[in-house]
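> Take this structure first; my questions come after.
The values are calculated or read from the model by the stated rules, or taken from the named source; none is laboratory data. None of the values given here were measured: they were computed from a predicted structure. So basically every Cβ, Gly included, is an ideal-geometry build from the backbone, and we count neighbours across all protein chains shown.
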Amino acid sequence: MGVYDFQLSTFNFQLSTFNFLIMKVNFRKICLGNLLMFISQYMLIPILPVIMAEELNLSIATTGIMFLVTVLGMILVGPFYSYLMDAYKRKSLCIFTFAIVFIATIGYTLVHRPLELLLLCLVQGFAFGIANSSIITLGIDVNISDNRSKGNVILGWFTRLGMILGVGLGSTVYLNYNFETLITASVLVGCVGLLFIAALHIPFRAPIGMPVCSLDRFFLPHTFLFVLNMILIAFVPGVLFPLIHFKMGDTFLLDEWTVPYFAIAGGAFLLSVFLVQALKKQSLLIQALLGMTTMLCAICSLILFDSIAGQLLSAILLGIGLSIITPAFLFFFINLSSHCQRSTANTTHLLSWKIGVSLGVATSCYLTVNESSGAAFRTALYASALAIIFFIVISYPYYQKKKVR
C-alpha cells in the first residue's frame, strides 16, 4: 500500500468514525426531544376530561368519549404519512406539526363550546400523528442500518417513559397548583423538546416519489393480532389515568406535597430499566408474560388492599410491568416486519398504545360517573387477564408462524 492509499484509508476511517459519533449525538437529541414532547402531551391526559366537563357543563363521561376524536384524527391522516415524509423535509415537518400540537394545547384554555373541543381534538390528532411518524423516521435516518432495530426499541422506550412520566408530572402539577400552571408547564416542556429537534443535523434525502395514500409508515396489516393485544394492555393504564380525581388524587403526601399514584409508577418505570437489561437474556415470551402478569398483580393490589400501602405497591408493580412489556412487544412488531418496514412497525405499535389508552380513559370516565371507581378497577382487571389469555392462545402462536427475524 502506498503512502497516498494509506492516508486515504486513514481519512476514510476517521470520517466514518466521525459520522458514527455524529449519528449517536443526533439520536440522543431525538430521544430526548421525543421524551419531552410526550411528557408535554401526556401531562394533560388525566386532567382534560374533567376540566373540559366543568368548562362546557358536560358530564365527564361525555368529554372522555369526545377525546377519542384525537385518535380518529391520527387514523384519518395515517395513510398520508409516507407521502408527507417523502415530499417535505422531515425535520421541518416534525417541528411544524409539534408546534401545532402545542398551539392546540394552549387552545384548551379558550374552548367554550363542545364543537370547538371536537375540532381542537381533531386538529391535535392530525398534527400529533404526523409528528410521531416523522420523529420515528428521523430516528431511523440518523442510525446506520445495523443499529436501526435497536434504535427503534430505544426510541420506543423513551416514548413510553414520556407517557408515564407525563401522567405523573401532570397529576402532580395539577393537584398542587392549578390548570393554568399545568398548561404553562406542558407548553414549556414541549418547547424544550422542540429545541432538541431543531438542533438535529439531518442529511439530505431526495424524494423517491411515494404515492399520496398508502399504509407505509402508518400500519402493518399483518400485525393486527398484536395491535389488538397492545390495545388491551394499554387500556389498563388508560383506565387508571383519570382516577386521580376520584380515588388516587391524594395517594401520598411528602412535606405537604401531593404525590399522585402515577408519579410513583413513573419512578418505578424509570428505575426498572436495570431489571429490563437483566431480562434481555430471557425469551420475548418470558418477558411479555412477566410484564403482563406484573401489571395484573398491580390491579389486584388496588382491588384487594384499600390502603396507602396497597396503592404504593400497585404503583410500583404497574411501573415495572409497563417497563417490561413495552420493549418486548415492540420487538414482536419489529420481528414481524421486513427490513424496510421498521418505521411502520414502530408507528403501528405506537398507534395501538394510543388507541388503548384513549379507550381506557373514555371507559374510566363513563364507569366512574355512572357506576363507581371500583367498576373501573374491575374492568382494568378483566382487560389485564384477557390480554394474557389472548397473547398465549392467539398472538404468540401467530408470531411463531409469521416472524421474519
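> Go through the range 368-405 and report how many residues are part of a helix (DSSP H, G or I) and either β-branched (Val, Ile, Thr) or free of Cβ contacts under 8 Å to residues at least 40 places away in the same chain (or both).
Number satisfying all stated conditions: 13.
> If you don't mind, there's one more thing I want to ask. For the range 86-96, indicate whether the set of residues that are within 18 Å of Ile197 (Cα to Cα), at pLDDT below 90 and either crowded, with 20+ Cβ neighbours inside 10 Å or in contact with a Leu (Cβ under 8 Å, 6 or more places away or on another chain) (or both) is non-empty.
Yes, because at least one residue in the range 86-96 is within 18 Å of Ile197 (Cα to Cα), at pLDDT below 90 and either crowded, with 20+ Cβ neighbours inside 10 Å or in contact with a Leu (Cβ under 8 Å, 6 or more places away or on another chain) (or both).
Results for (1) polar (S, T, N, Q); (2) under 22 Å from the mean Cα position of the chain (by Cα); (3) modelled with pLDDT of 85 or more, shown as yes or no for each residue.
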| position | (1), (2), (3) |
| --- | --- |
| Cys300 | no, no, yes |
| Phe329 | no, yes, yes |
| Ser343 | yes, yes, no |
| His349 | no, yes, yes |
| Gly356 | no, yes, yes |
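> Report, ordered by the first and then the second residue, all pairs with beta carbons closer than 9 Å, sequence separation of six or more or different chains, a first member in the range 227-243 that is at negative phi, and a second member that is outside any helix (DSSP H, G or I) and of a type in the set (Gly, Ala, Ser).
Leu243/Gly249
> May I ask you to list the residues in the range 179-207 that are in a loop (DSSP other than H, G, I, E, B), closer than 23 Å to Asp86 by Cβ and either among the aromatic types (Phe, Trp, Tyr) or in contact (Cβ under 8 Å) with a residue 24 or more places away in the chain (or both)?
Leu200, His201, Ile202, Pro203, Phe204, Arg205, Pro207 - these are the residues of the range 179-207 that are in a loop (DSSP other than H, G, I, E, B), closer than 23 Å to Asp86 by Cβ and either among the aromatic types (Phe, Trp, Tyr) or in contact (Cβ under 8 Å) with a residue 24 or more places away in the chain (or both).
> Does Phe38 satisfy being buried (at least 18 other Cβ atoms within 10 Å of the Cβ), modelled with pLDDT under 90, more than 30 Å from Asn370 (Cβ to Cβ) and of a type in the set (A, V, I, L, M, F, W, C)?
no
> Ok, one more. Could you say whether any residue in the range 336-350 is free of Cβ contacts under 8 Å to residues at least 60 places away in the same chain and not in a helix (DSSP H, G or I)?
Looking through the range 336-350, none of the residues is free of Cβ contacts under 8 Å to residues at least 60 places away in the same chain and not in a helix (DSSP H, G or I).
> Here is a further query. Is there a residue being in contact with a helix residue (DSSP H, G or I) (Cβ under 7 Å, 6 or more places away or on another chain), under 24 Å from Ala345 (Cα atoms) and polar (S, T, N, Q) anywhere in the range 95-104?
Yes: one or more hits.
> Something else: If you take the residues of the range 112-125 that are touching a residue at least 24 places away in the same chain (Cβ under 8 Å) and surrounded by fewer than 21 Cβ atoms within 10 Å (Cβ to Cβ), which of them is nearest to Ser59 (Cα to Cα)?
Pro114
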